[in-house]
Amino acid sequence: MNRAKEWRAGLLFISPFLVGFTLFTIYPVLASIYYSFCDFDIVSPTVPVGLANYRELLSDERFHHSLYNTLIFTLFAVPVTMLTALVLAFLLNMKLKGQAFYRTLFFLPSIVPLVASSVLWLWLLNPDYGLLNTMLRPVLETINAVAGTGFRPPGWLVDANYTKAALILMSTWGVGGSMILYLAALGDVPVTLYEAAELDGAGAWRKAWHVTLPMISPVLLFTLVMGLIGTFQYFSQAWIMTPNGQPGDATLFYALYLFYNAFLYLRMGYASAQAWILFLVIVAATMLVFRTTRRFVYYGGEGT
Amino acid sequence: MKQPPLKAILGHTALVVLSFVYVLPFAWLVTTSLQPDEERSKAPPAFIPAPAAVAKALEDATGRHLAYEPTGAHYVKGVTRVPVPLFFRNTLLVCTLTVIGTILSSSLVAYGFGVLQWRGRDVLFYVMLATMMLPGQVTMIPVFLIWREFGLINTFAPLVIPAFLGSPFFIFLFRQFFLTVPRDLVEAARMDGAGELRIWAGIVMPLSLPAIATVGLFAFLGAWNDFLGPLIYLADQSRYTLSLGLAMFRTQYGSEYGQMMAVATLMVIPIIVLFFFAQKTFIQGIKTSGMKM
């Protein structure tokens, strides 16, 4: 085939993508930049306002609150879920009977639709009749009786001090995806490395620390970055479980506030500005992660 | 390599305890959906469904409330309170179209990116990959306005048509698979005068059944679980998907836990069934794509 013909065939095959890409990515990105500098509510004409939206974000306390909530939540949720997945993967990687069964059990929650798992956990975390507090209550009562303390089961989603912890607890239930990735990575660690470490007199901890973790560090980095990006956009669970950021804006997450601005208050220009700040935050966080972890991530074939 | 006995015992113990922890929410979901309302104030809750006589005998024998008599009342009420069968049909329609559209378009595009050789191909491919980093919130508003301009708000079009235009993630997945198809096969077919479309349909696709299964499965799951899309585009209750219907149930009848869990159970069951039929595809798909659920 000659050059022009090859080119035509190539473009023809990717033409669905070209249409979709132009319509749903290139144009929206440009439009979104423009809107972010405009007053725009669908019904009245669009009015360019320069930096007014961005300036307003600087002084919008609910916006600050949503950014703070999201950063704090991400800071805890991502490591906690990664650690949970890692512990499960370590256990599943032991040479024991019934591993296929356990693997299925731990994996299943991660394919439960978000809306279904959200209403389920709403009920599990119910302060009065939820399973968690039903189980916690007798334990705390025993402790109280013995130690003379006054512990009470937390209000979880209705107590602003506990909402984020409650949501993080819920997220540890659905770590099956990362667990599978870690499990695959653990299986790929060459046995010879462990044998060499044993010859050098390394115990279980030293093997985990000096052999296993470095060998699976690329997967850890990958899930860390994907986890960050996903958690910064945390939305559905909060929308369903704690509408309006209740209690007291404690669960007003970034994407939630953005959605309210866009589709509830119809402040689409303002929401567009929010979206671009979110993009910058994600890029900054990703770059920060890549920089700070460069020393710790081991890629085979790079030498040391 | 067998584990030393102590380590094996500790490992087994941890696995059993954690299994209970991970299964408990499922047990609670099903139990609540089957229990009569008055059971719910009893602590500790009974988890074993049994005929009334058996439940009573068990209670007399052990002195503890372990079993309850199951009822289908929550299912009957939940399913009629909001039109669950209708939501189910809507969801199935969206899922089916999404799966067909995704497999067709993403594989065609992937053929253009992975099998054909042309100038500018790789640059464009990397541009596509780079845009996957863009958070959906950035494009969400203008895309909504486009559909509004077309007069297609409150239809399934905004949820389904994009699937027919290829999605970067699935294009990437197909392309990686196509790269493993022997080049000789493709070249030989070209020598015989087969057109590219023929080669795509007759050689590359039949050799890529695992990739098709993976993409189909994940596309289905994505559409089944999607909440934000329907939330933005579907206004009429008659168009709602299960996700949206269940969320609406929570908003309107959030204190009816029995019924809410019944509807949630109905939404979860098909996914669990699908998982047991396609377990290998699930696990393999996650491993090859790095996709987290």
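Out of B:Ala219, B:Ala194, one residue alone is assigned by TED's automatic domain parsing to the domain that holds B:Arg89, of a type in the set (A, V, I, L, M) and not in a helix (DSSP H, G or I). It is B:Ala194. Kindly establish whether B:Ala223 is over 25 Å from B:Gly136 (Cα atoms) and either among the hydrophobic types (A, V, I, L, M, F, W, C) or touching a residue at least 12 places away in the same chain (Cβ under 8 Å) (or both). Criteria not met by B:Ala223. Among B:Pro210, B:Pro206, which is away from chain A (no Cβ under 13 Å), free of Cβ contacts under 8 Å to residues at least 24 places away in the same chain and at negative phi? The match here is B:Pro206.
Scanning region B:223-256 for residues that are among the hydroxyl-bearing types (Ser, Thr, Tyr) and at pLDDT 95 or above turns up B:Tyr233, B:Ser238, B:Tyr240, B:Thr241, B:Ser243.
Give me a count of the residues in region A:265-282 that are surrounded by 11 or more Cβ atoms within 10 Å (Cβ to Cβ) and more than 8 Å from chain B (Cβ to nearest Cβ). Number satisfying all stated conditions: 8.
If you go through region B:104-133 and keep only what is more than 7 Å from chain A (Cβ to nearest Cβ), among the hydrophobic types (A, V, I, L, M, F, W, C) and not in a helix (DSSP H, G or I), you end up with B:Val115, B:Met132, B:Met133. Considering only region A:134-143, I want to know if a residue exists there that is aliphatic (A, V, I, L, M) and touching a Leu at 6+ places or on another chain (Cβ under 7 Å). No, that holds for no residue. Of the listed requirements (1) in a helix (DSSP H, G or I); (2) under 24 Å from B:Arg89 (Cβ atoms); (3) among the hydrophobic types (A, V, I, L, M, F, W, C), B:Ala235 misses just one: (1). Among the residues of region A:185-212, just one is over 30 Å from A:Thr74 (Cα atoms), away from chain B (no Cβ under 11 Å) and among the β-branched types (Val, Ile, Thr), namely A:Thr192. Among the residues of region A:45-53, is any of a type in the set (A, V, I, L, M) and part of a helix (DSSP H, G or I)? Yes - at least one qualifying residue is present in region A:45-53.
A:Ser32 - would you say it is away from chain B (no Cβ under 11 Å) and out of contact with any strand residue (DSSP E or B) (no Cβ under 7 Å at 6 or more places or on another chain)? No, not satisfied. Looking only at residues in region A:213-234 that are away from chain B (no Cβ under 13 Å) and touching a residue at least 60 places away in the same chain (Cβ under 8 Å), which one is farthest from A:Tyr182 (Cα to Cα)? So the residue we want is A:Pro214.
Quick check, is B:Met261 touching a His at 6+ places or on another chain (Cβ under 8 Å) and modelled with pLDDT of 95 or more? Spelling it out, B:Met261 is indeed touching a His at 6+ places or on another chain (Cβ under 8 Å) and modelled with pLDDT of 95 or more.
Taking first residues from region B:49-61 that are assigned by TED's automatic domain parsing to the domain that holds B:Leu29 and partners that are loosely packed, with under 13 Cβ neighbours inside 10 Å and not in a strand (DSSP E or B), the Cβ contacts under 9 Å between residues at least 6 apart in sequence or on separate chains come to B:Leu58/B:Arg64. Region A:73-184 holds helices (runs of 4 or more DSSP H) entirely within its bounds, and those carrying 1 or more residues that are within 11 Å of chain B (Cβ to nearest Cβ), among the small types (Gly, Ala, Ser) and more than 17 Å from the chain's Cα centre (by Cα) map to A:99-107, A:114-124.
The values are calculated or read from the model by the stated rules, or taken from the named source; none is laboratory data. The shown structure was predicted, so the numbers you read here are calculated from the model rather than taken from an experiment. Ideal geometry is used to build each Cβ from the backbone, glycine not excepted, and the neighbour counts take in all protein chains shown.
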